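Asks: What follows is a structure written as structure tokens; I'll ask about it next.
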């Protein structure tokens, strides 16, 4: 009863625009206008239908058809159908601000929903996704223009209704006003005729000097619903007549259920409807989820023997320690990710050479909402799905393949996400929707699959375990004149989107190691590709999540080896980059003036570390203050200067930096998903500790708007945290920690 | 059938005695404001008040409910302290993804009902719910705001 062939990973390849993912890729593309063209040229085998869900829709210019975005009620209510899914990053509020500013409707009156699949929403350089800290910066201009175009339509419709010239009309919070006669026409009264008008080209945009909403710290639209239990996530959805399903996943990825010893007894358990074998899993459907879960966990399953390690299968002897050893031992030849100057000559004439190996573990997303999906086959032959996702059209494509029906027969609902951090892309066995589709097909009823926390830990896609070897050449003054990095591993961009998008040296594996702002004249960074057998993931800040720790941690080793203060050395090497210099000085001042320590405090010695990072088009400078308690690291303060170029909502930007800092600290201190004997050793928050209140430091954020092109906001606060903390630990203990998390080690101060 | 009182209303529930209160609330009674996060009473997303005491409902079996009065997030604004907590949560802009916040609001309400002026140590002791968005500092700020009246 093995209904489906597993998702072909090749199908996942080349569906997402590279600009969403990394700096490196972003910089290859000069404008969004060119983006769609370049995408098509670069990736001829893209399943274009993923982005053309409306049959016979003809060519649609994304972001231009006003009725696809705005629903205006007779009561003058405004609903915005957003290209993006809200997962805590505040995108719904930001989109309302951008559109509301130009539409002239107070954003606080907006209701924002994630739009269904459709070509109108492919506003991220020609495709649609929520990720890569890319939503606002990619759609800002398009959605401003859409709002302004809509306002113009309301003015023209009112002019016609009132029999006056459009130029004699103004607007005020959703009302067209004819000042000469005092007449007022609410948008809701003329919505039908306004939205039927042909949109005008080149409607002028509002002068930013007159902005009322953009750049203002507007409250989030969803704060009250989220504080009163009224916000509805995928897990909260219910449809009539649905069965609840729980699953038990194979302990080894790639093995299959062979035999169910007690199937009859389980079928007889209270409320149980049916028992199923699925690819890599068994499932029970029942009239409540608790009954389904109890039953499926009672099933005595014999699984097939683990196969040798391969893509999508994990062998019985696989271990994360073994993989790290293999990465370290690799003698494979590298692909150049960055090359400058004459590295060998610089090393040959060096006064001092230092070397270090850095590694970071597999990480789980551990978002608080466990994944779920409801699948329902409707009488008209359509398949309707309610599921967490960051790319509705891509999920629609894969769902259609699983169900064996045309893509345009799949209806996708994209509820708000109970945290995502990169969790809700298509990760093959890492998503529950194929199971829901198969179970709905098999039972003839709507089915809601919910993964228990334990089953989520078995199948969550993981931030790759990573390894880099550094060496540096110092001159007679103790200044670094050359740096070499050899990275061995794999990034998610190359895994899922191929070399055409990720580049020969997978940008998601090397970002944070390359394009650093420091004036070290001789540089050689190379990537040795080494595939992981496990399902790897995008995880908040992707390659930056470990690489900035590696590089900035090694930077302090270079400083110490040369007898330099790490803050002063950074200032010196930032010589001619005013944006970075300003940011580093800003964080110094924010922290009360740079002091490395150790210095005395009421609760023992403390010390500070500094780091810089350039993630997702934004820039950060971070200082951490730490002490030791019972041999473990305690972080007291994080100071972060953050320059995303320009912003939409300073309050949301600040809260995103706070949130990214917390996740970065969680990974630095505690997180590690270990494989032993081919099996993940974490099954819940007891065996995968995440940051709790007792380790949350004070976080001080200063936003710097340099006026540079708008960068990302959701992820960039994260990468600087690890190195700032580790560098502070080095200042306190003399120990430069080269392997995370810090909880693995016990420290004593020097 | 078991009788339980939730938010001042009596319900008859057909479920096994070992069914966690969480699943009775969510799947039987359709009150989905109380969240499932870990199922092992670690994360606190499922926190409800049982006779005013913050309790993790994922490990609280139906058979233990008895005559206790259960308060969930759905009725939290009917409670004077609960309403102030919600207002502070909105004012301080605590939620991000929001998934843990039902449980956080319940835990904060329980704390403030028993201890109207908690110290930072009291807050640390009472507020052990996990938040993957890391909103811990804002949660503490919101509690302090309510305590300050």
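The values are calculated or read from the model by the stated rules, or taken from the named source; none is laboratory data. Just so it is clear, the model here is predicted, and its values are computed rather than measured. Glycine gets a Cβ as well: all are built from the backbone with ideal geometry, and neighbour counts include every protein chain shown.
Asks: Could you tell me which of the residues A:724, A:698, A:745, A:730 is surrounded by fewer than 16 Cβ atoms within 10 Å (Cβ to Cβ), touching a helix residue (DSSP H, G or I) at 6+ places or on another chain (Cβ under 8 Å) and under 23 Å from residue A:545 (Cα atoms)?
Replies: Answer to the selection: A:698.
Asks: Let me ask you something else. Quick one: which residue in A:464, A:434, A:429 is within 21 Å of residue A:490 (Cα to Cα), away from every other protein chain (no Cβ under 14 Å) and touching a helix residue (DSSP H, G or I) at 6+ places or on another chain (Cβ under 6 Å)?
Replies: A:429
Asks: Another question about this same structure. Which condition number does residue A:202 fail, the rest of (1) away from chain B (no Cβ under 14 Å); (2) in contact with a helix residue (DSSP H, G or I) (Cβ under 8 Å, 6 or more places away or on another chain); (3) assigned to a loop (DSSP other than H, G, I, E, B) being met?
Replies: Going through (1) away from chain B (no Cβ under 14 Å); (2) in contact with a helix residue (DSSP H, G or I) (Cβ under 8 Å, 6 or more places away or on another chain); (3) assigned to a loop (DSSP other than H, G, I, E, B) one by one, residue A:202 breaks only (2).
Asks: Being in contact with a strand residue (DSSP E or B) (Cβ under 8 Å, 6 or more places away or on another chain) and more than 24 Å from residue A:118 (Cβ to Cβ) narrows it down to one residue among A:364, A:403, A:440, A:375; which is it?
Replies: A:364
Asks: Which ones in segment B:94-124 are more than 14 Å from residue B:145 (Cβ to Cβ), more than 10 Å from the chain's Cα centre (by Cα) and either in contact (Cβ under 8 Å) with a residue 12 or more places away in the chain or at the interface with chain A (Cβ under 9 Å from one of its Cβ atoms) (or both)?
Replies: B:95, B:96, B:97, B:98, B:99, B:113, B:114, B:124 - these are the residues of segment B:94-124 that are more than 14 Å from residue B:145 (Cβ to Cβ), more than 10 Å from the chain's Cα centre (by Cα) and either in contact (Cβ under 8 Å) with a residue 12 or more places away in the chain or at the interface with chain A (Cβ under 9 Å from one of its Cβ atoms) (or both).
Asks: Quick check on residue B:132: is it in a helix (DSSP H, G or I), within 20 Å of residue A:699 (Cβ to Cβ) and facing chain A (nearest Cβ under 8 Å)?
Replies: No: the conditions fail for residue B:132.
Asks: Given the conditions (1) within 25 Å of residue A:486 (Cβ to Cβ); (2) touching a residue at least 60 places away in the same chain (Cβ under 8 Å); (3) out of contact with any helix residue (DSSP H, G or I) (no Cβ under 8 Å at 6 or more places or on another chain), and given that residue A:311 satisfies all but one, which numbered condition is not satisfied?
Replies: (3)
Asks: Out of curiosity, is residue A:368 part of a helix (DSSP H, G or I), surrounded by 18 or more Cβ atoms within 10 Å (Cβ to Cβ) and modelled with pLDDT of 95 or more? Walk me through it before giving the result.
Replies: On the way: part of a helix (DSSP H, G or I): no; surrounded by 18 or more Cβ atoms within 10 Å (Cβ to Cβ): yes; modelled with pLDDT of 95 or more: yes.
No: the conditions fail for residue A:368.
Asks: In this structure, does residue A:410 turn out to be closer than 30 Å to residue A:475 by Cβ and in contact with a helix residue (DSSP H, G or I) (Cβ under 9 Å, 6 or more places away or on another chain)?
Replies: Values: closer than 30 Å to residue A:475 by Cβ: no; in contact with a helix residue (DSSP H, G or I) (Cβ under 9 Å, 6 or more places away or on another chain): yes.
Considered against the rule, which asks whether it is closer than 30 Å to residue A:475 by Cβ and in contact with a helix residue (DSSP H, G or I) (Cβ under 9 Å, 6 or more places away or on another chain), residue A:410 comes out as no.
Asks: I need the full set of residues from segment A:235-254 which are more than 9 Å from chain B (Cβ to nearest Cβ) and part of a strand (DSSP E or B), in order please.
Replies: A:243, A:245, A:246, A:247, A:248, A:249
Asks: If you go through segment A:401-416 one residue at a time, how many are within 15 Å of residue A:374 (Cβ to Cβ) and part of a loop (DSSP other than H, G, I, E, B)?
Replies: 2
Asks: Still on this structure: Just to confirm my filter: which strands (runs of 3 or more DSSP E) fall fully inside segment A:611-724 and include at least 3 residues that are out of contact with any strand residue (DSSP E or B) (no Cβ under 9 Å at 6 or more places or on another chain) and at pLDDT 95 or above?
Replies: Values: elements: A:619-629, A:632-643, A:698-703.
Those strands (runs of 3 or more DSSP E) do not exist here; none qualify.
Asks: Could I ask something else about it? For residues in segment A:662-684 being surrounded by fewer than 20 Cβ atoms within 10 Å (Cβ to Cβ) and over 14 Å from residue B:134 (Cβ atoms), which is nearest to the other protein chains (Cβ to nearest Cβ)?
Replies: For segment A:662-684, the residue satisfying everything is A:684.
Asks: Which one of these is out of contact with any strand residue (DSSP E or B) (no Cβ under 6 Å at 6 or more places or on another chain), in contact (Cβ under 8 Å) with a residue 12 or more places away in the chain and within 14 Å of another protein chain (Cβ to nearest Cβ): A:232, A:214? Can you show your working first?
Replies: Details: A:214 fails: within 14 Å of another protein chain (Cβ to nearest Cβ).
Just one listed residue meets the conditions, A:232.
Asks: Here is a list: A:429, A:434. Which entry is surrounded by fewer than 23 Cβ atoms within 10 Å (Cβ to Cβ) and assigned to a helix (DSSP H, G or I)?
Replies: Answer to the check: A:429.
Asks: Inside segment B:21-54, can you point out the residues that are more than 20 Å from residue A:234 (Cα to Cα) and surrounded by 22 or more Cβ atoms within 10 Å (Cβ to Cβ)? Explain how you work it out, then say what you get.
Replies: Initial filter on segment B:21-54 (more than 20 Å from residue A:234 (Cα to Cα)): B:21, B:40-42, B:48-54.
Listed by number, the residues that qualify are B:21, B:48, B:49, B:54.
Asks: Can you tell me which residues in segment B:83-93 are crowded, with 24+ Cβ neighbours inside 10 Å and either within 7 Å of chain A (Cβ to nearest Cβ) or within 21 Å of residue B:24 (Cβ to Cβ) (or both)?
Replies: Here is the first cut: in segment B:83-93, the ones crowded, with 24+ Cβ neighbours inside 10 Å are B:85-86, B:88-89.
Hits for segment B:83-93 are B:86, B:89.
Asks: So which of A:325, A:264, A:286, A:346 ends up being over 26 Å from residue A:453 (Cβ atoms), over 27 Å from the mean Cα position of the chain (by Cα), modelled with pLDDT of 95 or more and surrounded by 17 or more Cβ atoms within 10 Å (Cβ to Cβ)?
Replies: Numbers: A:325 fails: surrounded by 17 or more Cβ atoms within 10 Å (Cβ to Cβ); A:264 fails: surrounded by 17 or more Cβ atoms within 10 Å (Cβ to Cβ); A:286 fails: over 26 Å from residue A:453 (Cβ atoms).
Within the list A:325, A:264, A:286, A:346, the selection yields A:346.
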